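Reviewing the structure listed below.
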Amino acid sequence: MNFFEPNRIYDDSDIELDLIASKSKRAQWRHRRFGPSFLKFGRRVKYHGADLNAWVDEHRVVTVQY
């Protein structure tokens, strides 16, 4: 399932990224090298849509139905 457009480059200020975490939480994650892969251009942070989708898939919780 794709929550993000796979070929799009998302800016850290894009509202869609709040589905994952708030902007400040993503900054903490980047500092700790946690969270989705990101690109740095100087001080600018970007995310590739395919990387975001892969990260979401890795953190999917599968439940058991009784």
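Values computed for the structure shown
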quantity	calculated
Tally of residues being small (Gly, Ala, Ser) and in a loop (DSSP other than H, G, I, E, B) across region 1-35	4
Residue in region 35-66 that is nearest to Asp12 (Cα to Cα), counting only those that are exposed (fewer than 11 other Cβ atoms within 10 Å of the Cβ) and hydrophobic (A, V, I, L, M, F, W, C)	Phe41
Matching residues, region 12-25, being under 17 Å from Lys40 (Cβ atoms) and surrounded by 12 or more Cβ atoms within 10 Å (Cβ to Cβ)	Asp12, Asp14, Leu17, Lys23
Candidate set: region 36-66, residues that are in a loop (DSSP other than H, G, I, E, B) and among the small types (Gly, Ala, Ser); chosen: the one nearest to Glu5 (Cα to Cα)	Ser37
Pairs where the first residue, in region 3-29, is more than 16 Å from Val56 (Cα to Cα) and the second is open to solvent by 80 Å² or more (accessible area, probe 1.4 Å) and in a strand (DSSP E or B), C-beta under 9 Å, 6+ apart	Asp11/Arg44; Asp12/Arg44
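The values are calculated or read from the model by the stated rules, or taken from the named source; none is laboratory data. This structure is a prediction, so every number in the text was calculated from the model and none was measured. Every residue, glycine as well, gets a Cβ built from its backbone with ideal geometry; the counts of neighbours run over all protein chains shown. Surface areas here come from the heavy atoms of the whole protein model, side chains and all, with no ligands, DNA or RNA. Shrake-Rupley method; radii C 1.70, N 1.55, O 1.52, S 1.80 Å.
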